[in-house]
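A.B. asks: Just passing along the structure, written as structure tokens.
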Amino acid sequence: MTATITLSTGQQMPAVGLGTWKSAPGQVKQAVLAALDCDYRHIDCAAAYSNEREVGEALSERLGEGKPLRREDIFVTSKLWNTKHHPDDVEEACKKSLSDLRLSYLDLYLMHWPMAFERGDELMPRRPDGTVRYDNTHYRDTWAAMEKLVDQGLVKAIGLSNFNARQIDDILSIAKHKPVVNQVECHPYLVQTQLVSHCWGRGLAVTAYSPLGSPDRPWVTPGEAHLLDDPRVVGLAKCYNKTPAQVIIRWHIQRGVICIPKSVTPSRIKQNIEVFDFKLTEEDMRVIETFNRNERLIIPTIMSGL
Ligand code: A2P
């Protein structure tokens, strides 16, 4: 049984979920099945990952009448992509994710990024010179459209992703349904102390994406040192007789941050949830925080080819 974080709606969000960004079609179905079979109860998805149909195949094999799990046993998050921010596009985008995931509701629907891209079905609309075509839709208008999804019962809660403190407060100033979560990049090289306390101070839980430092991010440079190989992390892992990934995941959840490690490898998927049988000392928690170097690995300008 995994620990949960109570959201401002009263929902229980499992502290560890399976991340699906970068999980290729052809791999993600068996990853989700492996996760559900070793007690993951939280799957993090997004339309932009272009794999929700396959995630849906896995969910439909395990959820429902005569199957091991009921819908209410699991917590599923999806995200509204940047090309769907226009208020007229939001409901359709949400329904597309629901249909791909083969669900009648989402537990949580996040605005993936604060900025809007030009409307349409191209994931990254670009000019011939490679720069992204943005759209003028303001995230406040997108938020108002997302609130209607809660009223319609399509989603249990809505939230934000990649929002900074000012943008969070901007949303809170107009929100009828408050954001329950901000999902941001967070790991020992980017501990996000100020943003995390800003969120908590305003009733938002924080989910860490790329919690292991995303060694498989598409733009990684060959030979680059990875967090999971950091000798200090490896040393701590030896002390606890755990793996580096387990120590990092434990650090996240012990500080109260939800995390969504991605893996398509069954043994790692299993390992990443086996983090509830040990505790880091307060000193080691603080030591890991000192690894911070404010290093953002997921930079939108890289993502968008600017
Ligand atoms: P793979 O999917 O091939 O198993 P993040 O969640 O920070 O984005 O990191 C995901 C990356 O970390 C993937 O390359 C994934 O590999 C790898 N990974 C996930 N869990 C572990 C683990 N327990 N040990 C080593 N690498 C892991």
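A.B. asks: Excluding same-chain residues fewer than 8 positions from residue 148, which lysines have a Cα within less than 23 Å of its Cα?
C.D. replies: Qualifying lysines at Cα under 23 Å: 79, 84, 95, 96, 156, 176, 178.
A.B. asks: Is there a quick way to get the dipole size of the chain? I mean about its Cα centre, with the Cβ of Lys and Arg at +1 and of Asp and Glu at -1; what is the value in debye to the nearest 20?
C.D. replies: Numbers: 37 positive and 38 negative charges, 58 e Å.
Approximately 280 debye in magnitude.
A.B. asks: While we're looking at this one, here's another question. Across the chain, what fraction of all alpha-carbon pairs, as a whole percent, falls in each successive 20 Å bin from zero upward?
C.D. replies: Distribution as computed: 34, 60, 6 percent.
A.B. asks: Okay, next question. Near residue 238, which lysines are there with a Cα under 24 Å away, not counting those fewer than 8 places off in the same chain?
C.D. replies: Straight-distance partners of residue 238: 262, 270, 279.
A.B. asks: I've got another one for you. Determine the dipole magnitude for the range 1-153: charges of +1 sit on the beta-carbon of Lys and Arg, -1 on that of Asp and Glu, nothing else is charged, the reference point is the Cα centre, and the result goes in debye to the nearest 20.
C.D. replies: The calculated dipole for the range 1-153 is roughly 200 debye.
A.B. asks: To continue, here is another question. Place a +1 charge on the Cβ of each Lys and Arg in the range 243-306 and a -1 charge on the Cβ of each Asp and Glu, then give the dipole magnitude about the Cα centre in debye, rounded to the nearest 20.
C.D. replies: 240 debye
A.B. asks: Is the range 153-306 best put as rounded, prolate or oblate by its Cα gyration tensor, with a ≥ b ≥ c the root eigenvalues, rounded for a/c under 1.5, and otherwise prolate when a/b is larger than b/c, oblate when not?
C.D. replies: Working: a/c = 1.75, a/b = 1.44, b/c = 1.21.
It is prolate, given that a/c is not under 1.5 and a/b is the larger ratio.
No value in this document is a laboratory result; all are computed from the given coordinates. In this text the structure is predicted, and so the values were computed from the model without any measurement. No Cβ is skipped: glycine too gets one built from the backbone with ideal geometry, and neighbour counts run over all protein chains shown.
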